[in-house]
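So the structure is just underneath, and the comments pick up after that.
The values are calculated or read from the model by the stated rules, or taken from the named source; none is laboratory data. None of these values were measured; they are calculated from a predicted model. Every residue, glycine among them, receives a Cβ derived from its backbone with ideal geometry; neighbour counts consider all protein chains shown. With ligands, DNA and RNA removed, areas are computed over all heavy atoms of the protein, side chains included. Shrake-Rupley method; radii C 1.70, N 1.55, O 1.52, S 1.80 Å.
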Amino acid sequence: MYLWTNSTRPILSGAIKLVAPRFRRSCATLTEFNRRWQHMKAKEPLEQNDERPRVVNMRNGEKAVSIFSQNEMERRLGILRSFMDDHAIGGVVLTSVHNINYFSDFIYTSFGRPYGLLVTQDKAITISAGPDGGHPWRRSPSSIDNVTYTDWQRDNFYYVIVKELQGIPGHVGCEFDHLTIESFKKLDWALHHASVVDVSIPTMYMRLIKSSEEIEVIRNGARIADIGAGVIVDTMQDGAREHEIALASTQAMVKEIARTYPERELMDTWTWFQSGINTDGAHNPITTKKIKKGEILSLNCFPMISGLTVHRIQVLHGS
């Protein structure tokens, strides 16, 4: 129950004065969004600014050494294109990190910007933002090109899609389980000449069937996870802190990944190590808590190699 008294009025008045400017800014933003949304629904052209480029060429350096062979990457694209042909899909726009990684070997970090892999029967193109430089082009195989969009105009990502899929017959596939409502509406508007269909479930089944090259990476991942777990067992002692033990494990795994796969990017390998009450949740973050003799301990090692991660999870006793 809330009680309204004379002493409450000054507090409420002060709160209104504090919130009002933010509320007005929010209304202004919402008004601008509604204006742009009505503009999009009318299927009018995207904003034009000829003085500043919408896309730039960032094909810097040479193609990087990949863990997977060219034949393996072509096999994956071949399966996707066969599905597209069977279902009258002229082009596919993949947006999730797992599908872009699987079909192009490029792992993106969004930071609020959209990324894509556009695939037709005769081309495959990663669509990336300017802050990535030439990395998306270098990390993808020779058969995959790259277009880098700028931030000079809004929705340049969708401008690239419209340009690259112009005149493509049939449906256009995208991932319904990954797109936000806003992203889907923008994509649907940009592709108003074609019907948009979902390919998230079919591509999931494509990724389920592992090739011999993938299985070899997974086996190495399991071996490296065991190395991380071994470091934890050797390091944990009464009074040691969770984060210190986890850092030692992660460092050992990263070093072994670098030794096994030289000239490959190193990212997203980590360790969770919890003790005592912190073990009541499998995904509880590590803390600076000191472990104590007799406590239950939880070990979680996650080496990540080219987008493939292996989990070593084990419950220990601090005896």
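Applying a threshold of 29 Å to the alpha-carbon distances of Lys123/Lys186; Lys63/Lys185; Lys255/Lys289; Lys255/Lys290 flags Lys63/Lys185 as lying beyond it. Across the stretch 200-319, the mean sequence separation of Cα contacts (distance under 8 Å, 6 or more residues apart), normalised by length, yields a relative contact order of 29 percent. Per the Kirkwood formula applied to alpha carbons, the stretch 87-146 shows a radius of gyration over Rh ratio, Rg over Rh, of 0.95. The ratio of the alpha-carbon radius of gyration of the stretch 193-254 to the globular-protein estimate 2.2 N^0.38 Å is 1.87. The residues of the stretch 263-319 expose on average 53 square angstrom of accessible surface per residue, using a 1.4 Å probe on protein heavy atoms.
Across the stretch 100-178, Cα-Cα pairs farther apart than 14 Å form 61% of the total. Among the trypsin sites (Lys or Arg not before Pro) found in the stretch 114-193, those both in a DSSP coil and sparsely packed, with 13 or fewer other Cβ atoms within 10 Å of their Cβ, are Lys123, Arg154. Averaging over all projection directions, the Cα-based convex hull of the stretch 240-301 occupies 4.4 nm² in the image plane. The Cα-based radius of gyration of the stretch 143-208, divided by its Kirkwood radius, gives an Rg/Rh of 0.98. Convex hull volume of the Cα atoms of the stretch 99-233, normalised per residue: 157 Å³. Karplus-derived 3J(HN,Hα) values for the stretch 102-109, using 6.51 cos²θ - 1.76 cosθ + 1.60 with θ = phi - 60°, are 5, 8, 10, 6, 10, 10, 9, 10 Hz; glycine and proline are entered as x.
Taking the DSSP beta bridges with both ends in the stretch 58-156, the antiparallel portion is around 60 percent. Here the accessible area is traced with a 1.4 Å probe on the protein chains. For the stretch 237-290, carbon and sulfur cover 55 percent of it.
What the Cα atoms of the stretch 193-319 give is an Rg and a Dmax of 17.8, 67 Å. What is the Cα centroid distance between the stretch 164-227 and the stretch 78-110, reported in whole angstrom? Rounded to whole Å, the Cα centres lie 5 Å apart. Counting only DSSP beta bridges whose two residues both lie in the stretch 99-253, roughly 35 percent are antiparallel. Which of the three applies to the stretch 48-174, rounded, prolate or oblate, going by the alpha-carbon gyration tensor with a ≥ b ≥ c and a/c under 1.5 meaning rounded? Because a/c hits 1.5 or more and a/b fails to exceed b/c, the stretch 48-174 counts as oblate.
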